[in-house]
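The values are calculated or read from the model by the stated rules, or taken from the named source; none is laboratory data. All of these numbers come straight from a predicted model, not from anything done at the bench. All Cβ positions, even for glycine, are placed from backbone atoms using ideal geometry, and neighbour counts span all protein chains on display.
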Amino acid sequence: MNKLGIWAIVVAGAFFLGILTANPVVEAVGGWKEAIEDLQAQIDTLTGGSIDADTLDGIDSSSFVQSPVTSSDIQDSTITFSDMQGIDGTPITGIWNSRIPKSNTLTSVDTTGNVGIFTSITIGTDGLPIVSYTGNDDLKVTHCGNASCSSGNTITTVDNTNFRVFFTSITIGTDGLPIVSYFDGRIGTVGELKVAHCGNVSCSSGNTITTVDNAGIVGETSSITIGTDGLPVISYNDFTNRGLKVAHCGNVSCSSGNTITTVDSVGGSSTSIMIGTDGLPVISYFASGLKVAHCGNASCSSGNTLTSVDTADGSKTSITIGTDGLPVISYSGNSNLKVAHCGNAFCSSGNTLTTVDNAGIVGDGTSITIGTDGLPIVSYRDTTNRDLKVAHCGNVSCSSGNTITTVDNIGEVGRTSSITIGTDGLPIVSYRDRTNQDLKVAHCGSILCISNWIRR
């Protein structure tokens, strides 16, 4: 008999035995014992007196290698207190998915003189925030000593200029060192685009200062990023000719081999630059409304596409790339905070425009990034109430489900804000405290920048 037949008899027998032993009639007449003995004899005849796995599946189990598990096979994964410490050595109690509530932390980082104007923040290769800004008319950089910039900060005057520094923008180069673009001059009178390439992670020594463009009054509202070729690329305003210009650097410090291109000759204020998922620069700016320039090559020297996205008048733009691979832009439009989510890489069609906050005069000094939850988050100033606010978007286009939070309302605060995400996964914002003329940093306690907020 084949194995299928044996299986059928065994299963049927087991089922029959269950009926017999559970049937009170059979038990009452005393026939259950004889029935069981007869069935067992038939099974023994077919199987040779035993049933094991080898008989049922036809596989010789002796071919299996038996490897008893010993204590050495079990790795020691004991979590110690040191495993739960942050960069600064303090316990990680407020990381973005923590179960422990944590409040927002507000810190006056630089309080020496008139400082904290035109701030820009990023995260260095050491995992710590670094902020560029105008301080006492000079270019200053603060390298934070911990994730919240609350202690151990190093403050450096990077460029002691003859005029005044405006519109700083900071990023990290392919050499792992910070690089800052900025305008050195007097707005509407004289000025040039300059770049400071830092000599170390804190910009405290070995810095190199280069004038990149001085053809007229140029360099206002500069924005810097790193192209796919590993070189810095900077968007900025040509005040003399009222145009949008782009400088593509010839080396990591922008000290030589730079290429200067006029991308739009009819406007170019409030610029912001990012690299799209197609590997090409994309720039948001104002020119009779919100416009986007999609570059045709890495240097924006040819093949550029210019698109009018919104005709609303405004004063500030900030661009990033969403998790859907499309540009998303925050901007001040008709005194409201607005967000444009592009329908394609060029922002030439399918765009979604949303008024995110219209409670008073809001949206100035806006800055946008993508949070650890994959959704856009925007910092900006509430001019009516003179507060720093943050909008956490409810979807990738910020068209619904947005959460608005007042992060700082102590005095007149929130000018020229800049937002990024720290290595702890939480938003961190640099901004101006105009009341005290200080540089301040807000380190959020949750991904929404709501104090003591956690998911259940």
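Only one residue in Ser181, Ser235, Ser222, Ser204 is in the same structural domain as Phe163 (by TED's automatic domain parsing), surrounded by fewer than 18 Cβ atoms within 10 Å (Cβ to Cβ), under 18 Å from Thr122 (Cβ atoms) and at pLDDT 95 or above. Which one?
Numbers: Ser181 fails: surrounded by fewer than 18 Cβ atoms within 10 Å (Cβ to Cβ); Ser235 fails: surrounded by fewer than 18 Cβ atoms within 10 Å (Cβ to Cβ); Ser222 fails: surrounded by fewer than 18 Cβ atoms within 10 Å (Cβ to Cβ).
The unique qualifying residue is Ser204.
Listed here are the residues, each with its yes/no results for (1) in contact with an Asp or Glu (Cβ under 8 Å, 6 or more places away or on another chain); (2) within 18 Å of Ser430 (Cβ to Cβ).
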{"site": "Ile321", "(1), (2)": "no, no"}
{"site": "Tyr331", "(1), (2)": "yes, no"}
{"site": "Asn336", "(1), (2)": "yes, no"}
{"site": "Asn344", "(1), (2)": "no, no"}
{"site": "Val356", "(1), (2)": "no, no"}
{"site": "Val390", "(1), (2)": "no, yes"}
{"site": "Asn395", "(1), (2)": "no, no"}
{"site": "Cys398", "(1), (2)": "no, no"}
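In this structure, is Ser417 in the same structural domain as Gly322 (by TED's automatic domain parsing), touching a Gly at 6+ places or on another chain (Cβ under 6 Å) and either part of a loop (DSSP other than H, G, I, E, B) or under 23 Å from Thr168 (Cβ atoms) (or both)? Give the steps one after another, and end with the answer.
Values: in the same structural domain as Gly322 (by TED's automatic domain parsing): yes; touching a Gly at 6+ places or on another chain (Cβ under 6 Å): yes; either part of a loop (DSSP other than H, G, I, E, B) or under 23 Å from Thr168 (Cβ atoms) (or both): yes.
Here the answer is yes, as Ser417 does meet what is asked.
Out of the residues in the range 388-403 that are of a type in the set (Ser, Thr, Tyr) and assigned to a loop (DSSP other than H, G, I, E, B), state the one that is nearest to Thr119 (Cα to Cα). So that I can check it myself, show each step before the final result.
Looking only at the range 388-403, we keep the residues that are of a type in the set (Ser, Thr, Tyr), and these are 397, 399-400, 403.
Filter once more, keeping what is assigned to a loop (DSSP other than H, G, I, E, B): 397, 399-400.
Working: Ser397: 26, Ser399: 28, Ser400: 29 Å.
The extreme case among them is Ser397.
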Being in the same structural domain as Asp184 (by TED's automatic domain parsing), part of a loop (DSSP other than H, G, I, E, B) and either at positive phi or not acidic (Asp, Glu) (or both): is that true of Thr211 here? no
Looking only at residues that are crowded, with 24+ Cβ neighbours inside 10 Å and more than 13 Å from the chain's Cα centre (by Cα) in the range 317-327, which one is farthest from Gly268 (Cα to Cα)? Pro327
Taking the condition buried (at least 18 other Cβ atoms within 10 Å of the Cβ), at positive phi and assigned by TED's automatic domain parsing to the domain that holds Ile260, does Cys198 pass? no
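Within the range 333-343, which residues are crowded, with 21+ Cβ neighbours inside 10 Å and modelled with pLDDT of 95 or more? Break it down into steps so the answer makes sense when it comes.
Step one: list which residues in the range 333-343 are crowded, with 21+ Cβ neighbours inside 10 Å, which gives 333, 337-342.
Answer for the range 333-343, where residues must be crowded, with 21+ Cβ neighbours inside 10 Å and modelled with pLDDT of 95 or more: Leu337, Lys338, Val339, Ala340, His341, Cys342.
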Can you report the number of residues in the range 133-171 which are closer than 20 Å to Gly422 by Cβ, touching a Phe, Trp or Tyr at 6+ places or on another chain (Cβ under 7 Å) and not polar (S, T, N, Q)? 1
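Which is in a strand (DSSP E or B), touching a strand residue (DSSP E or B) at 6+ places or on another chain (Cβ under 6 Å), free of Cβ contacts under 8 Å to residues at least 60 places away in the same chain and farther than 27 Å from Gly227 by Cβ, of Thr157, Thr134, Thr168? Spell out how you get there, then give the answer.
Details: Thr134 fails: farther than 27 Å from Gly227 by Cβ; Thr168 fails: farther than 27 Å from Gly227 by Cβ.
Only one candidate qualifies: Thr157.
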If we keep just the residues of the range 247-279 that are in contact with a His (Cβ under 9 Å, 6 or more places away or on another chain) and surrounded by 20 or more Cβ atoms within 10 Å (Cβ to Cβ), which is farthest from Val195 (Cα to Cα)? Gly276
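Select from the range 356-387 the residues that are of a type in the set (A, V, I, L, M) and either outside any strand (DSSP E or B) or more than 20 Å from the chain's Cα centre (by Cα) (or both) and list them in ascending order.
The answer is Ala359, Ile361, Val362, Leu375.
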Pull out all pairs, ordered by first then second residue, where Cβ-Cβ is under 8 Å, the residues are six or more apart or on different chains, the first lies in the range 294-311 and is in a loop (DSSP other than H, G, I, E, B), and the second is charged (D, E, K, R) and surrounded by fewer than 16 Cβ atoms within 10 Å (Cβ to Cβ). Ala298/Asp229
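Return yes when Gly191 is assigned by TED's automatic domain parsing to the domain that holds Thr366, of a type in the set (Gly, Ala, Ser) and either touching a Phe, Trp or Tyr at 6+ places or on another chain (Cβ under 7 Å) or farther than 25 Å from Gly296 by Cα (or both) and no when it is not. Reasoning before the result, please.
On the way: assigned by TED's automatic domain parsing to the domain that holds Thr366: yes; of a type in the set (Gly, Ala, Ser): yes; either touching a Phe, Trp or Tyr at 6+ places or on another chain (Cβ under 7 Å) or farther than 25 Å from Gly296 by Cα (or both): yes.
Taking the combined requirement at face value, the residue satisfies it.
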